[in-house]
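S.K.: Before anything else, here's the structure in question.
The values are calculated or read from the model by the stated rules, or taken from the named source; none is laboratory data. As the structure is a prediction and not an experimental result, all values here were calculated from the model. Please note: Cβ atoms are built from the backbone with ideal geometry, for glycine as well, and neighbour counts cover all protein chains shown. The accessibility values were calculated without ligands, DNA or RNA, using every heavy atom of the protein model including side chains. Shrake-Rupley method; radii C 1.70, N 1.55, O 1.52, S 1.80 Å.
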Amino acid sequence: MAQSATTPAAISSQKARAEPGLLADYATLFKLRVSVMVVITAGAGFYLASLASGISPFHAGLIQALAGIAVVTCGSSALNQALERRTDALMRRTSNRPMAAGRISLAHGLILGFSAIFFGSLYLAHTTNVLTGTLTLITAVGYVGIYTPLKRLTVLNTFIGAFPGALPPLIGWTAARGVIEWPAIALFAILFVWQFPHFMAIGWMYREDYASAGIRLTPTQPDEVFAARSTVIQSLFYAVLMVPVSMWPTWLGVTGHIYEVAAAILSLGYLWYTLRFARITRNPSAPESRTYARDLLKASVIYLPLLMAALMLDAKGRLLF
């Protein structure tokens, strides 16, 4: 007699088919989409620094730098999920992450994370320069050792976490030039300021999830009206600041005026979506408030690659292949 679809064996088989494989779990553990964005912004820094040095950005050094940065970034994500495995299990959007769901053990995640950070930083110090290896290690320590624990302690974690989050393009610059210079600081500033409307939108979209897990964010403050106002004030402050900050590379002579115009248009568009997001203060509990947050989030993830592309396309210097 054939087994019923509701027998324990059938249920177990269906569950096994539904669960992600190891490669898919690694992609989640390493936050692949976030890691790709880190590599892109680091690549932009390397590209611009190479042009400033009068050399082609397309050489083995680019691959070595991006490979090392990618490995450390993946290791940081693994350690982040190791520390947050219990918190992740409490939230709908993260409960199926491999460590939260128990598909990857704590020891497995820790070994991967520490190994990737250590060997990736060492590799960068050897193939690029000691400054780049050190900065990358500092970024990992800041993200895992400072920002991650603070998420359960203070709403200031977003501001503090923005520092390691903004370092990739500066690290890309030092990988090519070996020194921290004003154009690298301008790239850092762009990433630093961009993060606030982006993360405020995420925080508002998932504030119930974050609150239930004890994550301290501006959007998760108990007074809903105050939380909405504080979230909007911070988002608007940084969206307005984004306009001059995005044009800083032109003022430093890194790009031509085509980029300056593109940056102004893109940043004003980012500001418009942030102003639209400000409507959440009218009725914070309305379903539309999540729509405004989602639209700002989409705008933020479109804005940054377009800004980086404009920056690279109008960069001053000669491409040598």
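S.K.: Could you list all residues from segment 252-267 that are open to solvent by 20 Å² or more (accessible area, probe 1.4 Å) and under 22 Å from residue 196 (Cβ atoms)?
M.R.: 262, 264, 265, 266
S.K.: From the residues in segment 195-216 that are open to solvent by 20 Å² or more (accessible area, probe 1.4 Å) and among the hydrophobic types (A, V, I, L, M, F, W, C), which one is modelled with the lowest pLDDT?
M.R.: Here the residue is 211.
S.K.: Just one of (1) in contact with a Pro (Cβ under 8 Å, 6 or more places away or on another chain); (2) under 26 Å from residue 179 (Cβ atoms); (3) buried (at least 19 other Cβ atoms within 10 Å of the Cβ) trips up residue 72, so point out which.
M.R.: All conditions are met except number (1).
S.K.: Okay, moving on. Could you list, in sequence order, all residues of segment 211-242 that are assigned to a loop (DSSP other than H, G, I, E, B) and not charged (D, E, K, R)?
M.R.: 213, 214, 215, 217, 221, 222
S.K.: Return yes when residue 287 is on the phi < 0 side of the Ramachandran plot and either polar (S, T, N, Q) or open to solvent by 50 Å² or more (accessible area, probe 1.4 Å) (or both) and no when it is not.
M.R.: yes
S.K.: Among the residues of segment 75-127, write down those that are closer than 17 Å to residue 147 by Cβ and small (Gly, Ala, Ser).
M.R.: Matches in segment 75-127: 75, 76, 77, 78, 82, 113.
S.K.: Hey, another quick one. Give me a count of the residues in segment 56-69 that are surrounded by fewer than 19 Cβ atoms within 10 Å (Cβ to Cβ), touching a residue at least 40 places away in the same chain (Cβ under 8 Å) and small (Gly, Ala, Ser).
M.R.: Going through segment 56-69 one residue at a time, the tally reaches 3.
S.K.: Can you find a residue in segment 27-41 that is modelled with pLDDT of 90 or more, surrounded by fewer than 17 Cβ atoms within 10 Å (Cβ to Cβ) and over 21 Å from residue 198 (Cβ atoms)?
M.R.: Looking through segment 27-41, at least one residue is modelled with pLDDT of 90 or more, surrounded by fewer than 17 Cβ atoms within 10 Å (Cβ to Cβ) and over 21 Å from residue 198 (Cβ atoms).
S.K.: Name the pairs: first residue in segment 268-293 and over 18 Å from residue 198 (Cβ atoms), second residue in a helix (DSSP H, G or I) and among the acidic types (Asp, Glu), Cβ to Cβ under 7 Å, at least 6 apart or on different chains?
M.R.: Going by the 7 Å Cβ cut-off, the qualifying pairs are 284/224; 285/224.
S.K.: Can I ask one more? Restricting the search to segment 223-247, which residues are surrounded by fewer than 19 Cβ atoms within 10 Å (Cβ to Cβ) and touching a residue at least 60 places away in the same chain (Cβ under 8 Å)?
M.R.: Across segment 223-247, the qualifying residue is only 224.
S.K.: Separate question: Only one of 77, 53, 95, 115 is exposed (fewer than 15 other Cβ atoms within 10 Å of the Cβ) and in contact with a Lys or Arg (Cβ under 7 Å, 6 or more places away or on another chain); which?
M.R.: Within the list 77, 53, 95, 115, the selection yields 53.
S.K.: Something else: Can residue 125 be described as closer than 30 Å to residue 210 by Cβ and either without any contact (Cβ under 8 Å) to a residue 40 or more places away in the chain or in a helix (DSSP H, G or I) (or both)?
M.R.: Answer is no for this residue.
S.K.: Does residue 132 count as polar (S, T, N, Q), part of a helix (DSSP H, G or I), more than 30 Å from residue 46 (Cα to Cα) and open to solvent by less than 60 Å² (accessible area, probe 1.4 Å)?
M.R.: no
S.K.: Between 148, 158, which is open to solvent by 20 Å² or more (accessible area, probe 1.4 Å) and in contact (Cβ under 8 Å) with a residue 40 or more places away in the chain?
M.R.: From the options 148, 158, the qualifying one is 158.
S.K.: Continuing with this model, one more query. Among what's in segment 90-115 and is under 20 Å from residue 214 (Cβ atoms) and touching a Gly at 6+ places or on another chain (Cβ under 9 Å), pick the residue that is modelled with the highest pLDDT.
M.R.: 99
S.K.: Here's a follow-up. Quick one: would you say residue 169 is in contact (Cβ under 8 Å) with a residue 60 or more places away in the chain, part of a helix (DSSP H, G or I) and open to solvent by less than 10 Å² (accessible area, probe 1.4 Å)?
M.R.: Answer is yes for this residue.
S.K.: Also, I was wondering about something else. Give me the helices (runs of 4 or more DSSP H) completely within segment 12-122, filtered to those with at least 3 residues that are touching a helix residue (DSSP H, G or I) at 6+ places or on another chain (Cβ under 7 Å), ordered by residue number.
M.R.: Where helices (runs of 4 or more DSSP H) fall fully within segment 12-122 and carry at least 3 residues being touching a helix residue (DSSP H, G or I) at 6+ places or on another chain (Cβ under 7 Å), they are 32-53, 60-83.
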